[in-house]
């Protein structure tokens, strides 16, 4: 991984591979890919964020992947035009780097496997990994060094666990899932009943289900359900240091950015986006295609197709209006004083 | 753990076990417990959060545990009435699930124990765990796979450390403590003295004391004191991804929800509740029985029995009033404009 | 570590060691150091935070390190005056405690080292640590139990990794770096290209560079770059549970407090301070010597030498004015009503 293949490619070949439209010389030799700020002669770069468009004029790159509608008059670099330049770039990277690290079928001699562990074909279990009794590692799955798989848990086909991941018992991980280091799945939910001033633990006897194609970042925590399951829906992507409470249900193809916290039993629909450090209280329902701005605090249900922002979260245009008012508070108070002065003068004209 | 005992119970027997009042047929057979949204015929469920009361009418559950004062006219399901339905539910769960996982007295052959480690009766040390010189594992304590116990640290009786926990040196963990995976206790506090533009590390030579009955979630960090100890008081419960700075002192029976951060040397009294993502600056004092709303930012001492909320945190009714004012800002500005217009007209009636 | 040397020192000797000015009896025997609230007879303590000045009058300490300009009339305790009392205290601690734990040159027999790993002189690799193929552990570096060093990564001279750290492949760690437990460096950045409703992973083929003298707290996550490197500049100190996105570039001697989150490609200059729980969106530029108050949310570039605060972050005096206005909202609305009433009366004098 991250290892350059050290092969040159012709620009025409790359354009074909990424299914883009070449505007330039197909015979140009490309030696590698680089970010738009760093690219040198021989590099292919890309422009996905218009914020960096200015670099197009000064870049030494030999070619750049751009969006179909990007303005490119006066740009001397060869172009590959593509409706989704970020995706095209991803495909180009695969030509130059080993993007998937593969391990041989093997269980490292220092790994510890309990009784009745099912290890299918093509599985790799790394040094000092521990797999408890009754766990099931499906075809082609990879469990790297120091990771732990608890009793009766399942790791799906071609799923990949980085070093030092902890999967507790009775967790079901689907196929093609990626889990980064330090992440804990299936920790007990946070539930206590108070009696006579003391918090009594509510047994957390449910499980967790991570569906197909999910990716989970580093040092994430996903609690097991009190009963039933905590679910992360198919294709959802979770960034680092996110907290998912017990019995949370997250739909498909959501994006959950770093340090988000989701309280117990909250439901998030499909295709929703939670920006960084957002907090959702427990027991609420977020709809489909909802966008929640960074650091927002959400305490109420949010209907489908809403964009909310703020603390407390409101519809984004409302929050923006309030912010604008706040910026003008000095002025408003000045105007209030002026009125008071004028009225006073009108009542007491002699002053 | 999480394994159903697969035994049926009669409803009368359950009511007796949880010390509740049965309203219904004691001979009904109960096969399991389930959440109120999922419960089917044969299941016992519970209603602790009034938000879900509507499910009482549509649930297929065979019985439900409810609060003593819950309105139940027209509900056809058999009831167990209890003053604390969440607690009664916890007790019922124990009839159907193995809620405590037990390990044999053993030190796994792959565990690494330093010199002079004291291992008392009934202790389990899992695969690849590491216990350094001079540590003391008291009776019945459990240290699961990959966990680390540093020099001179103590793990109290019947305390339970999940896989991949890190306890640094000179940390004292009391009896009946539960620590979830990925948590780090005794990391260095964050202290530097700046001189000539460079930050010089202040040695962090104190310890940490976790008192009896504390539970600590996954991927929590609790720093060791610069001098003296960082203390988590008896019976306090800490959720995932919480940060506790050096020399923090937390009282007894507090609830600290996920992603809270507490700055160095801050004190929190007994029976206080910090909701999710709250931040407390260092060197302040939070009283007893204080409640701090989610995402609040606290920069000042908070007296006993206060409920505060907001960024910055104010008494909750003040924050609520401010939020209400903010929602009406458009209106206020409209009224201000109207006054200005009226006054202008009064001064210049010809217009 | 954290082990008292159990030696007595004379106060005069200590004053000399810390290069402070003694005001008192140089022959006083000092047995240890303690915080100002806990110090007893025989202890040296220090006063760095003026908040604790009141303790000077009641402390039982035998001596106290104070700032040069601290008011000390009427204080009976012997003093060591120093322009930087916190730094002087750090030096004093070294007289009484073993502040640096040292390990012998050794690779523990349970550690697993891949092929072509370079292990220089004075290196310690602890139990169950895993070092992959091609990694390079430079002179005097320490890798404690359960830590993982990925392929082709480098750990610099005298750098110290606490237990259960994960360093992924192609990460370069400079000299004299300290990394606390549970931290993950080099996890994949969070990047996807959406097509037909599905998020396609952008390969993250860059690396991470941690420069000389950096300290990184517990359970931190630092993502590898998509291309190029994510960089933490020389002498920067990072607290626990911080998230650093891909391609972030942090300058030298910054202070980044716990639970901060920094979005991808954002740049932070030198000597800047980010207080706890701050969030920076991606693709912005924070200048040199910038101070960002706790929990602030920053969405725009911040010029050099600014102090900003709030959600959204504004110049601190603006945020403070807005907060003051908010506290007076009841009053403003009252004044608005009063004006409306007066105007109404003026227009309709008969009422």
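The values are calculated or read from the model by the stated rules, or taken from the named source; none is laboratory data. Please read these numbers as outputs of a predicted model, since none were measured by experiment. All Cβ positions, even for glycine, are placed from backbone atoms using ideal geometry, and neighbour counts span all protein chains on display.
One line per residue, one yes/no per condition, for (1) more than 25 Å from residue A:267 (Cβ to Cβ); (2) within 14 Å of chain A (Cβ to nearest Cβ); (3) surrounded by fewer than 18 Cβ atoms within 10 Å (Cβ to Cβ):
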{"position": "B:11", "(1), (2), (3)": "yes, no, no"}
{"position": "B:19", "(1), (2), (3)": "yes, yes, yes"}
{"position": "B:29", "(1), (2), (3)": "yes, no, yes"}
{"position": "B:36", "(1), (2), (3)": "no, yes, no"}
{"position": "B:40", "(1), (2), (3)": "no, yes, yes"}
{"position": "B:52", "(1), (2), (3)": "no, yes, yes"}
{"position": "B:56", "(1), (2), (3)": "no, no, no"}
{"position": "B:60", "(1), (2), (3)": "no, no, yes"}
{"position": "B:79", "(1), (2), (3)": "yes, no, no"}
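Can you spot a residue in the range C:268-278 that is touching a strand residue (DSSP E or B) at 6+ places or on another chain (Cβ under 8 Å) and in contact (Cβ under 8 Å) with a residue 24 or more places away in the chain?
Yes: the range C:268-278 contains one or more residues that are touching a strand residue (DSSP E or B) at 6+ places or on another chain (Cβ under 8 Å) and in contact (Cβ under 8 Å) with a residue 24 or more places away in the chain.
Would a scan of the range B:341-348 turn up a residue that is outside any helix (DSSP H, G or I) and at pLDDT below 95?
Within the range B:341-348 (the criterion being outside any helix (DSSP H, G or I) and at pLDDT below 95), the answer is yes, since at least one residue qualifies.
Which residue out of A:238, A:284, A:250 is more than 10 Å from chain C (Cβ to nearest Cβ) and crowded, with 22+ Cβ neighbours inside 10 Å?
Sole residue among the options that is more than 10 Å from chain C (Cβ to nearest Cβ) and crowded, with 22+ Cβ neighbours inside 10 Å: A:250.
For residue A:129, indicate whether it is surrounded by 22 or more Cβ atoms within 10 Å (Cβ to Cβ), within 30 Å of residue C:191 (Cβ to Cβ) and outside the structural domain of residue A:31 (by TED's automatic domain parsing).
Yes; evaluated as a whole, the condition is true for this residue.
Hey, among the residues in the range A:258-270 that are more than 7 Å from every other protein chain (Cβ to nearest Cβ) and crowded, with 20+ Cβ neighbours inside 10 Å, which one's nearest to residue A:300 (Cα to Cα)?
Restricting to residues being more than 7 Å from every other protein chain (Cβ to nearest Cβ) and crowded, with 20+ Cβ neighbours inside 10 Å, the top hit is A:266.
Yes/no per residue for (1) more than 8 Å from every other protein chain (Cβ to nearest Cβ); (2) not in a strand (DSSP E or B):
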site: C:104; (1), (2): yes, yes
site: C:172; (1), (2): yes, no
site: C:175; (1), (2): yes, yes
site: C:190; (1), (2): no, yes
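If residue C:194 satisfies all but one of (1) at pLDDT below 95; (2) at positive phi, what's the number of the condition it fails?
Of the numbered conditions (1) at pLDDT below 95; (2) at positive phi, the odd one out for residue C:194 is (2).
Before we move on, is residue B:131 more than 10 Å from chain C (Cβ to nearest Cβ), closer than 16 Å to residue C:163 by Cβ and touching a strand residue (DSSP E or B) at 6+ places or on another chain (Cβ under 6 Å)?
On the way: more than 10 Å from chain C (Cβ to nearest Cβ): no; closer than 16 Å to residue C:163 by Cβ: yes; touching a strand residue (DSSP E or B) at 6+ places or on another chain (Cβ under 6 Å): yes.
For residue B:131, the condition - more than 10 Å from chain C (Cβ to nearest Cβ), closer than 16 Å to residue C:163 by Cβ and touching a strand residue (DSSP E or B) at 6+ places or on another chain (Cβ under 6 Å) - is not met.
Restrict the check to the range C:32-44 and report whether at least one residue is over 19 Å from residue B:188 (Cα atoms), modelled with pLDDT of 90 or more and touching a helix residue (DSSP H, G or I) at 6+ places or on another chain (Cβ under 8 Å).
Within the range C:32-44, one or more residues are over 19 Å from residue B:188 (Cα atoms), modelled with pLDDT of 90 or more and touching a helix residue (DSSP H, G or I) at 6+ places or on another chain (Cβ under 8 Å).
Counting just the residues of the range B:194-203 that are within 8 Å of another protein chain (Cβ to nearest Cβ) and out of contact with any helix residue (DSSP H, G or I) (no Cβ under 9 Å at 6 or more places or on another chain), which one comes out nearest to residue B:259 (Cα to Cα)?
In this case the residue turns out to be B:199.
I need the full set of residues from the range C:222-232 which are crowded, with 22+ Cβ neighbours inside 10 Å, in a loop (DSSP other than H, G, I, E, B) and either within 14 Å of chain B (Cβ to nearest Cβ) or on the phi > 0 side of the Ramachandran plot (or both), in order please.
Those that are crowded, with 22+ Cβ neighbours inside 10 Å, in a loop (DSSP other than H, G, I, E, B) and either within 14 Å of chain B (Cβ to nearest Cβ) or on the phi > 0 side of the Ramachandran plot (or both): none in the range C:222-232.
Going residue by residue through the range C:88-106, is there one that turns out to be on the phi > 0 side of the Ramachandran plot, exposed (fewer than 13 other Cβ atoms within 10 Å of the Cβ) and at pLDDT below 90?
No: the range C:88-106 contains no residue that is on the phi > 0 side of the Ramachandran plot, exposed (fewer than 13 other Cβ atoms within 10 Å of the Cβ) and at pLDDT below 90.
Does residue B:284 satisfy the condition of being farther than 25 Å from residue A:278 by Cα and assigned by TED's automatic domain parsing to the domain that holds residue B:236? Outline the logic, then answer.
Details: farther than 25 Å from residue A:278 by Cα: yes; assigned by TED's automatic domain parsing to the domain that holds residue B:236: yes.
Yes.
Can you tell me which residues in the range A:292-305 are more than 8 Å from every other protein chain (Cβ to nearest Cβ) and surrounded by 17 or more Cβ atoms within 10 Å (Cβ to Cβ)?
A:292, A:293, A:296, A:298, A:302
Identify the residue in the range A:192-206 that is out of contact with any strand residue (DSSP E or B) (no Cβ under 8 Å at 6 or more places or on another chain) and part of a loop (DSSP other than H, G, I, E, B) and, among all such residues, is nearest to residue B:177 (Cα to Cα).
If we take residues in the range A:192-206 being out of contact with any strand residue (DSSP E or B) (no Cβ under 8 Å at 6 or more places or on another chain) and part of a loop (DSSP other than H, G, I, E, B), then A:197 is nearest to residue B:177 (Cα to Cα).
Regarding the range C:138-161, can at least one residue be identified that is more than 30 Å from residue B:109 (Cβ to Cβ), facing another protein chain (nearest Cβ under 9 Å), part of a loop (DSSP other than H, G, I, E, B) and touching a residue at least 60 places away in the same chain (Cβ under 8 Å)?
No, there is no match, as no residue in the range C:138-161 is more than 30 Å from residue B:109 (Cβ to Cβ), facing another protein chain (nearest Cβ under 9 Å), part of a loop (DSSP other than H, G, I, E, B) and touching a residue at least 60 places away in the same chain (Cβ under 8 Å).
Test residue A:113 against the criterion of being surrounded by 14 or more Cβ atoms within 10 Å (Cβ to Cβ) and either away from every other protein chain (no Cβ under 13 Å) or modelled with pLDDT under 95 (or both), and give yes or no. Spell out the reasoning first.
Values: surrounded by 14 or more Cβ atoms within 10 Å (Cβ to Cβ): yes; either away from every other protein chain (no Cβ under 13 Å) or modelled with pLDDT under 95 (or both): no.
Spelling it out, it is not the case that residue A:113 is surrounded by 14 or more Cβ atoms within 10 Å (Cβ to Cβ) and either away from every other protein chain (no Cβ under 13 Å) or modelled with pLDDT under 95 (or both).
Working only within the range C:309-345, note down all residues that are within 11 Å of chain B (Cβ to nearest Cβ), touching a helix residue (DSSP H, G or I) at 6+ places or on another chain (Cβ under 7 Å) and without any contact (Cβ under 8 Å) to a residue 12 or more places away in the chain.
C:325, C:326, C:329, C:330, C:332, C:333, C:335, C:336, C:339, C:340, C:342, C:343
State the number of residues belonging to the range A:204-221 that are within 24 Å of residue A:251 (Cβ to Cβ) and at the interface with another protein chain (Cβ under 9 Å from one of its Cβ atoms).
10
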